[in-house]
Amino acid sequence: MYGLIGKTKAAAGQRDALVAILLEGIGAMPGCLSYIVAHDSADADAIWITEAWDSEASHKASLALPQVRDAIAKARPLIAGFESHVVTQPVGGHGLGA
């Protein structure tokens, strides 16, 4: 498995709009086992995105999907910056299977 955890800073006051864009059309991403967008409880403009994929190749392929490319284009103006980004190797958990 392949995982990513990242903290993204939205432009001031744009967090909810950014979250809405990131959650559009995420149901049809082959190989995506989990995609979670969460508010940062200590920063009103920050979000955390946690992803689990069956492979790094599936994640890379997702970046070419029309709905993902569209979401990136819509989201880009609302993003103030990326604060952290970590690649993980999920080994299991609720919803991920063995």
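Numbers below:
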| item | result |
| --- | --- |
| Enumerated helices (runs of 4 or more DSSP H) restricted to the chain, each holding at least 3 residues that are surrounded by 15 or more Cβ atoms within 10 Å (Cβ to Cβ), out of contact with any Gly (no Cβ under 9 Å at 6 or more places or on another chain) and modelled with pLDDT of 95 or more | 15-23 |
| Matching residues in the stretch 1-60 - criterion: being more than 22 Å from VAL87 (Cβ to Cβ) and of a type in the set (Asp, Glu) | ASP16, GLU24, ASP43, ASP45 |
| Of all residues making up the stretch 48-78, the number that are over 11 Å from the mean Cα position of the chain (by Cα) and of a type in the set (Phe, Trp, Tyr) | 1 |
| Where LEU22 falls short, out of the listed (1) among the hydrophobic types (A, V, I, L, M, F, W, C); (2) under 19 Å from MET1 (Cβ atoms); (3) touching a strand residue (DSSP E or B) at 6+ places or on another chain (Cβ under 7 Å) | (2) |
| Number of the condition not met by ALA44 [criteria: (1) hydrophobic (A, V, I, L, M, F, W, C); (2) over 18 Å from ASP70 (Cα atoms); (3) in contact (Cβ under 8 Å) with a residue 40 or more places away in the chain] | (3) |
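The values are calculated or read from the model by the stated rules, or taken from the named source; none is laboratory data. As the structure is a prediction and not an experimental result, all values here were calculated from the model. For neighbour counting, all protein chains shown are included, and Cβ atoms are generated from backbone atoms with ideal geometry for every residue, glycine included.
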